[in-house]
1. For the pair Glu112/Arg217, report the inter-label distance in nm, with labels modelled 7 Å from Cα in the Cβ direction.
2. Normalised by the number of residues in the range 187-257, what is the relative contact order in percent for Cα pairs under 8 Å and 6+ residues apart?
3. Given H placed on each backbone N at 1.01 Å, which residues far from Thr173 in sequence or on other chains put an amide H within less than 5 Å of it?
4. Can you tell me which aspartates and glutamates have their Cα less than 14 Å from the Cα of Lys234? Leave out same-chain residues fewer than eight positions away.
5. Show Met119, Met129 ordered by accessible area, largest first, where the area counts protein heavy atoms only and the probe is 1.4 Å.
6. Out of the total accessible area of the range 174-313 (probe 1.4 Å, heavy atoms of protein only), what percent is carbon and sulfur?
7. Mind checking the full-extension length gain between Val303 and Glu162? Use 0.36 nm per residue of separation minus the Cα-Cα distance, one decimal, nm.
8. Could you check the simple spin-label distance between Arg199 and Arg123, using points 7 Å along Cα→Cβ, in nm with one decimal?
Amino acid sequence: MAANNRRMSGKKGAQVGSGGQRRRGLEGKGPTPPAEMRKGHAKQRAAAAKARRAQGRTPQRRGGGRSTSELVVGRNPVVEALREGVPASTLYVQQFIDNDERVREALQLAAERGGINLMEAPRPELDRMTNGLNHQGLVLQVPPYEYAHPEDLLDAAAEEGEDPLVVALDGVTDPRNLGAVVRSVSAFGGHGVIVPERRSAGMTAGAWKTSAGTAARTPVARATNLTRTLEAYKKAGLTVVGLAADGEVELGDLEALQGPVAIVVGSEGKGLSRLVGETCDFRVRIPMPGGAESLNAGVAAGVVLYEAARRRS
């Protein structure tokens with residue numbers, strides 16, 4: 001009976017305590033560390049870069065992957081690529097080819113540049129390499145492009161003691177636009193260009209030619225996911241500015257260009273994608289008194305980069 005009374009009683013037995021965890025949880029974590037000690041903060045990057053310079057070490061590059069090799073086919077395209085300094089590993093020349101002016105110039109340019117292998121090949125072999133394209137006896141092999149990692153661009157800015165100025169392309173698929181943006185970034189003191197890994201122009205021979213040689217000194221980074229990369233940039237202290245024809249802020253009123261900034265340029269037809277547009281801190285419009293509806297990516301990026309360079313000077 002006594003056992004039944006105990007079983008039916010509402011009294012509880014001894015309880016296991018928290019061991020002081022709740023009390024310690026209310027004590028806080030102490031003062032916020034200075035910006036130079038907070039991982040990912042822009043000032044922490046600058047401090048780390050300063051320490052590397054003092055020790056004479058270069059930053060470790062993470063790398064953003066490689067593209068596939070590319071073939072430039074035909075006499076005029078090959079000569080133009082060699083004139084513009086497009087990287088090349090091998091020049092294939094058809095056996096018993098008619099030795100006209102373009103062939104001679106291609107051979108001369110390849111010899112002057114050095115580091116380009118000259119290979120003689122029978123026509124059937126060149127036909128096979130080019131999948132039957134009209135190669136006219138000349139084929140130039142362009143090696144894979146070494147993409148940077150998006151964080152490398154921030155490290156490069158920190159190494160120079162400057163606020164990052166980068167351009168990200170969202171849905172831009174024309175390599176000539178990519179080359180034009182690379183050229184503008186180089187001209188106005190930017191630190192690099194970011195392209196998505198998928199559905200985007202890459203550093204092809206066409207992009208190299210349009211960049212007029214500036215691609216050799218201006219890094220292009222490849223992002224697995226552009227939205228996540230922009231969010232990481234925001235955590236690192238950058239302001240993300242998207243260009244849009246219906247943007248809420250006019251370019252001349254945007255004070256953020258004076259500091260660390262990532263400028264996002266969408267495609268000429270569709271503009272910014274929805275997720276990228278929502279990630280931007282500001283959506284900015286370029287005033288166009290002439291009445292044009294839009295600018296292509298290369299021109300739009302150049303206008304904003306000029307404004308940023310003017311404010312930073």
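1. For the pair Glu112/Arg217, the computed spacing is 2.0 nm.
2. Dividing the mean separation by the residue count of the range 187-257 yields 32 percent.
3. Ala201
4. Cross-link targets: Glu151, Asp163, Glu278, Asp281.
5. Correct descending sequence by accessible area is Met119, Met129.
6. Summing carbon and sulfur atoms, their accessible area is 48 percent of the total for the range 174-313.
7. 48.7 nm
8. It works out to 4.4 nm between the two label points.
The values are calculated or read from the model by the stated rules, or taken from the named source; none is laboratory data. The structure presented is a predicted model; accordingly, all values stated were derived computationally and were not measured. When we count neighbours, we look across all protein chains shown, and the Cβ atoms used for this are built from the backbone with ideal geometry, even at glycine. In case anyone asks, the SASA skips ligands and DNA or RNA and just uses the protein heavy atoms, side chains included. Shrake-Rupley method; radii C 1.70, N 1.55, O 1.52, S 1.80 Å.
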